[in-house]
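Engineer: I have a structure here, written as structure tokens, and I will follow up with some questions on it.
The numbers here are math on the coordinates, done by the rules we state, and not lab data. On a predicted model such as this, the values are computed, not experimentally measured, just so you know. Positions of Cβ are backbone-derived with ideal geometry, glycine not excepted, and every protein chain shown enters the neighbour counts.
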Protein chains: 2
Amino acid sequence: MPRNMAVVILRVPHDCFKLSDQEYGGNMKKKKWLLHRVSLLVSIVVLMVSLVSSATAGEHDPLPSWNDGIVKQAVVDFVQRVTDKNNRDFVPSDRRIAVFDNDGTLWSEKPLYFEIFFVFDQIRALAPAHPEWKTQQPYKDILENNLKGLATFDEYSLMKVVMGIHQGKTTDEFDMIVRNWIDTARHPHLKRPYTDLVYQPMLEVLRYLRDRGFKTFIASGGNTDFMRPWVTKAYGIPPEQVVGSSSQIKYELRHGIPVLIRLPNIHFIDDGEGKPVGIHKFIGRRPLVAFGNSDGDLPMLQWTAAGEGARLMLIVHHTDAEREWAYDRDSFVGRLNKGLDEADKRGWLIIDMKRDWKVIYPFQLPKQTSR
Amino acid sequence: MPRNMAVVILRVPHDCFKLSDQEYGGNMKKKKWLLHRVSLLVSIVVLMVSLVSSATAGEHDPLPSWNDGIVKQAVVDFVQRVTDKNNRDFVPSDRRIAVFDNDGTLWSEKPLYFEIFFVFDQIRALAPAHPEWKTQQPYKDILENNLKGLATFDEYSLMKVVMGIHQGKTTDEFDMIVRNWIDTARHPHLKRPYTDLVYQPMLEVLRYLRDRGFKTFIASGGNTDFMRPWVTKAYGIPPEQVVGSSSQIKYELRHGIPVLIRLPNIHFIDDGEGKPVGIHKFIGRRPLVAFGNSDGDLPMLQWTAAGEGARLMLIVHHTDAEREWAYDRDSFVGRLNKGLDEADKRGWLIIDMKRDWKVIYPFQLPKQTSR
């Protein structure tokens with residue numbers, strides 16, 4: 001919007017001068033009207049100038065936390081091409097869809113997906129009422145904090161536990177539980193709220209794309225009901241733009257009051273080959289841009305890449321053991337094996353965290369440039 | 001946006017006059033700068049005036065195809081209350097969610113849901129390759145156009161036929177089939193394209209709500225893949241704001257090219273008690289406003305009504321046998337029985353088509369007022 005305003009201002013026709021000169025010759029009444037009008041215009045121009053200057057500031061470097069290099073340049077080039085009406089890669093704004101994996105792409109995912117910590121915390125809180133968990137797996141390993149044992153369970157078994165948590169609770173109750181957890185829980189190593197551990201460079205990409213007319217979506221293996229309560233504050237993404245896994249849900253009247261009840265059964269797993277399916281079900285359009293970080297994102301990246309016209313596929317490669325974590329081919333969480341080969345073969349962009357990102361988390365920004 | 005501009009203009013401080021007077025006393029260079037500036041401002045004011053006047057025109061009567069009466073008044077009152085920051089019912093724009101059933105609420109649904117005609121047309125086209133359909137139900141009745149016989153099948157059986165159509169086709173192929181059908185098919189009685197049979201008064205409600213910061217969603221029992229190709233042109237609703245029924249979908253690589261394949265199994269039925277579930281799954285928030293027309297919309301209306309704060313629930317009552325169709329309690333398609341009782345009991349608004357709507361379809365508008 002501010003950019004359009006700038007265009008209007010730059011295109012002011014010069015013969016407007018004559019009109020203005022004529023107006024000066026009027027009588028008092030006319031002069032008063034003119035003064036009124038000038039005062040009005042002055043205040044509008046102040047508004048305009050502030051809009052234009054903020055737009056220009058954004059244009060100067062939309063990605064200040066990214067080091068200059070091929071990745072940053074490729075992102076900016078792509079956005080400029082698809083948003084420039086005179087470019088053959090131009091795409092109208094109503095088709096500018098960008099999808100982002102969440103765990104390991106928008107925030108950290110180590111030592112385990114943060115949603116797993118949420119579930120563990122809930123299981124610990126509920127354990128007194130479930131003595132059978134002391135001997136029943138994977139609850140036993142969870143309660144004993146045996147991450148090594150947990151690593152032997154397949155994703156589906158863990159997902160079932162995740163989905164089973166708070167079965168019988170209403171969606172409103174679950175929403176409150178998530179909100180309370182996200183406000184109070186702390187990362188086991190970094191001792192910070194989990195929402196502190198979002199990637200500052202990715203926040204800038206999200207904002208940059210939205211400023212250029214993109215709709216930004218999350219496409220995550222995580223549970224939609226776990227993500228929706230906090231993604232708007234964390235990423236500026238509204239709840240309805242979150243594609244994720246879900247349990248079955250049932251509508252019923254409880255004492256005459258309509259409620260939605262969470263059931264323990266899985267309804268949809270939005271991971272791996274489920275990601276393009278989820279994107280089709282929720283969004284109904286093929287993305288122009290996809291960001292992922294693991295083999296679970298590979299089908300989403302392939303599906304995006306196979307669209308006609310310009311597309312942008314990026315993989316966040318966790319290469320920074322010092323500032324974040326370093327892992328790829330053999331990792332239990334966020335395994336990136338086939339994805340690296342495919343990216344090499346197809347020429348997708350690989351974000352090298354250590355090389356490409358000036359800072360990792362927003363709290364590491366120097367105070368004065370904090371956005 | 002235009003309304004905010006109007007506020008800026010109305011709040012121009014009067015002491016701006018002095019600043020302007022001082023500026024007139026400058027030298028030539030200064031005068032040239034001033035003229036530049038005035039010319040710039042003049043063009044901006046033209047822009048502003050056009051914005052403001054269009055906003056004012058919209059404010060004059062946002063619902064011109066509605067007859068004055070309790071329903072129209074209630075809609076306008078509600079919108080004014082929830083969008084007025086000084087009103088205790090104010091709701092921030094990011095929570096202004098409005099959901100609309102499609103069949104019988106946004107477009108006609110007689111003599112059968114239009115999607116059923118789509119399926120029938122596909123079955124007829126595919127029949128030569130399926131000789132078994134000549135004896136197999138409900139295909140036999142469909143091919144023989146035996147609507148009476150079809151009325152004996154339950155919704156689930158018909159839904160299975162709907163979902164089964166074009167199984168094995170890719171989502172892109174299905175999209176093209178729907179686009180082709182919607183462009184060429186004609187309503188059996190009215191001999192018009194189906195998208196001519198959208199309700200003009202509802203188009204005005206959709207636009208009015210969006211102009212006031214609402215996000216408008218479809219929540220329909222219809223198949224999302226059937227609706228998404230044409231709803232943007234028909235209603236101004238983007239594909240990702242369509243909540244509907246869906247079949248299972250599978251991702252695969254066909255000769256190395258990623259495709260999404262339609263499977264015959266039902267994944268989700270977004271009707272009746274499925275509607276609030278679908279709204280939760282897709283949107284993740286309880287609507288402020290819900291429009292429906294049949295008992296299949298009752299749970300959606302109940303779920304909306306049970307939210308805190310101001311909510312608006314409306315039922316389109318088909319009372320106009322002359323200009324559209326008249327039906328409610330015993331209708332096979334669009335049955336409205338419990339919904340009428342519940343609306344009476346709860347004080348929900350009932351739109352009496354005959355009484356409340358000046359015109360039904362956009363093509364009935366007088367040419368000069370066509371919007």
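Engineer: In nanometres, what is the gap between the two model label sites at B:Thr232 and B:Glu144, each 7 Å from Cα along Cα-to-Cβ?
Structural biologist: 4.4 nm
Engineer: May I ask you to report, in nm to one decimal and beginning with the shortest, the distances from A:Lys345 to the same position in the other copies, taking label points 7 Å along Cα-to-Cβ?
Structural biologist: So the distances to the same position in the other copies read 6.1 nm.
Engineer: OK, next. Using the 7 Å Cα-to-Cβ label point, sort the distances from A:Gln73 to its equivalents in the other copies shortest first and give them in nm to one decimal.
Structural biologist: Its label point is 6.8 nm from the equivalent points in the other copies.
Engineer: Now for a different question. Could you tally the net charge around A:Phe78, taking each other residue with its Cβ under 12 Å from the Cβ of A:Phe78, Lys/Arg +1 and Asp/Glu -1? Could you put the intermediate results ahead of the total?
Structural biologist: On the way: positive: A:Lys72, A:Arg81, A:Arg96, A:Arg212, A:Arg311; negative: A:Asp77, A:Asp84, A:Asp89.
It works out to a net charge of +2.
Engineer: Kindly put A:Asp271, B:Asp68 in sequence by how many other C-beta atoms sit within 10 Å of each C-beta, fewest to most.
Structural biologist: Listed from fewest to most nearby Cβ atoms, that is B:Asp68, A:Asp271.
Engineer: Around B:Pro299, under 13 Å between beta carbons, what's the net of Lys plus Arg minus Asp minus Glu among the other residues? Provide the component values of the computation, followed by the final result.
Structural biologist: Numbers: positive: A:Lys250, B:Lys275, B:Arg286, B:Lys338; negative: A:Glu252, B:Asp101, B:Asp270, B:Asp271, B:Glu273, B:Asp295, B:Asp297, B:Glu342.
Combined, the nearby Lys, Arg, Asp and Glu give -4.
Engineer: When the Kirkwood radius is taken over all Cα pairs of region A:158-219, what Stokes-Einstein diffusion coefficient follows at 4 °C and 1.567 mPa s, in µm²/s?
Structural biologist: On the way: Rh = 14.6 Å.
Diffusion coefficient, whole number: 89 µm²/s.
Engineer: Next up: Would you calculate the separation in nanometres between label points at A:Lys169 and A:Arg329, each defined as 7 Å from the Cα along the Cα-to-beta-carbon direction?
Structural biologist: Rounded to a tenth, the inter-label distance reads 4.1 nm.
Engineer: So how much slack lies between A:His60 and A:Ala127, counting 0.36 nm per residue of separation and subtracting their Cα-Cα distance, in nm? Intermediate results must be reported in sequence, preceding the final value.
Structural biologist: On the way: separation 67, 0.36 × 67 = 24.12 nm, distance 5.39 nm.
Result: 18.7 nm gained on full extension.
Engineer: Quick one: with label points 7 Å out along Cα→Cβ, list the inter-copy distances for B:Lys250 in nm, shortest first?
Structural biologist: For B:Lys250, the other copies' label points sit at 3.0 nm, shortest first.
Engineer: Which chain B residue puts its Cβ closest to the axis that rotates B onto A, and at what distance in whole Å?
Structural biologist: Axis-proximal residue of B, distance in whole Å: B:Leu41, 2.
Engineer: Take the Cα atoms of region A:229-371, build their convex hull, and give its volume per residue in Å³.
Structural biologist: Values: hull volume 24.4 nm³, N = 143.
With only Cα atoms used, region A:229-371 gives 171 Å³ per residue.
Engineer: Over region B:184-281, what is the mean sequence separation of C-alpha contacts under 8 Å (at least six apart), divided by residue count, expressed as relative contact order in percent? Present the calculation step by step, with values, prior to reporting the outcome.
Structural biologist: Values: 118 pairs, mean separation 20.9, N = 98.
Relative contact order comes out at 21 percent.
Engineer: Order of A:Ile315, B:Ile177 from fewest to most other C-beta atoms within 10 Å? Let's see the in-between values first.
Structural biologist: Numbers: A:Ile315 25, B:Ile177 20.
Ranked by crowding around the Cβ, least crowded first: B:Ile177, A:Ile315.
Engineer: In nanometres, what is the gap between the two model label sites at B:Thr135 and B:Lys250, each 7 Å from Cα along Cα-to-Cβ?
Structural biologist: For the pair B:Thr135/B:Lys250, the computed spacing is 3.0 nm.
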